[in-house]
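The structure under discussion appears below in the form of structure tokens.
The values are calculated or read from the model by the stated rules, or taken from the named source; none is laboratory data. What you are looking at is a predicted structure, and each value in this text was computed from that prediction instead of being measured. Positions of Cβ are generated from backbone atoms using ideal geometry, with glycine treated the same way; all protein chains shown enter the neighbour counts. Calculation scope for accessible area: heavy atoms of the full protein, side chains included, ligands and nucleic acids excluded. Shrake-Rupley method; radii C 1.70, N 1.55, O 1.52, S 1.80 Å.
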Amino acid sequence: MNENDDIFFMNEAIKLAQKAAELGEVPIGALIVRDGVIISEAFNLRETEKLATAHAELSAIEAACKKLGGWRLFGCTLYVTLEPCPMCAGAIVNSRIDRVVYGAPDLRFGACGSLFNINSYPLNHAFEITGGVCEEECKALLSDFFKELRKKKQ
């Protein structure tokens, strides 16, 4: 994959994040790509599903495993608009995804370099990390969402 591919697929993840925002969900979108083809896509549904694990990344991983017929996602890249949290980073390790590309860093919960880097632990799998792809667009989605949420609470 090259930088243009990363931008293309991150823009697709941004479209998914926008769908989440339309539902009142924190705007996070994720998709899994293998050999230049989108295998699965998802967005955050924690509020809708009333489920702590309904993160975009976990839903995308689950859908990719079902589509590909196994739990190992070798050769796959996960694109996500926000840096994965520890739970999602653990699922990335366990599913053997090769590469993660994220948009905005998550200074509070990021497990791919911001708060800590899951790859710094001696786990049985590590993955390549590329952060900051379409970062400004991803940050704007999140800040606009929370700005509107605060307005509604006033």
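I need the full set of residues from segment 16-36 which are open to solvent by 40 Å² or more (accessible area, probe 1.4 Å), in contact with a strand residue (DSSP E or B) (Cβ under 7 Å, 6 or more places away or on another chain) and either polar (S, T, N, Q) or within 12 Å of CYS138 (Cβ to Cβ) (or both), in order please. Within segment 16-36, none qualify. In segment 1-95, counting only helices (runs of 4 or more DSSP H) that sit wholly within it, the ones holding 1 or more residues that are within 24 Å of HIS125 (Cβ to Cβ) and hydrophobic (A, V, I, L, M, F, W, C) span 3-22, 56-68, 86-95.
For segment 24-40, the set of residues classified as modelled with pLDDT of 95 or more and over 10 Å from the mean Cα position of the chain (by Cα) consists of GLU25, VAL26, PRO27, VAL33, ARG34, ASP35, GLY36, VAL37, ILE38, ILE39, SER40, listed by residue number. Screening THR81, THR130, THR77 for residues that are within 13 Å of the chain's Cα centre (by Cα), in contact (Cβ under 8 Å) with a residue 24 or more places away in the chain and open to solvent by 30 Å² or more (accessible area, probe 1.4 Å) leaves exactly one candidate, THR130. Selection of segment 21-52 for residues being more than 16 Å from VAL101 (Cα to Cα) and either in contact with a Ser or Thr (Cβ under 9 Å, 6 or more places away or on another chain) or not aliphatic (A, V, I, L, M) (or both) yields GLU22, LEU23, GLY24, GLU25, PRO27, ASN44, LEU45, ARG46, GLU47, THR48, GLU49, LYS50.
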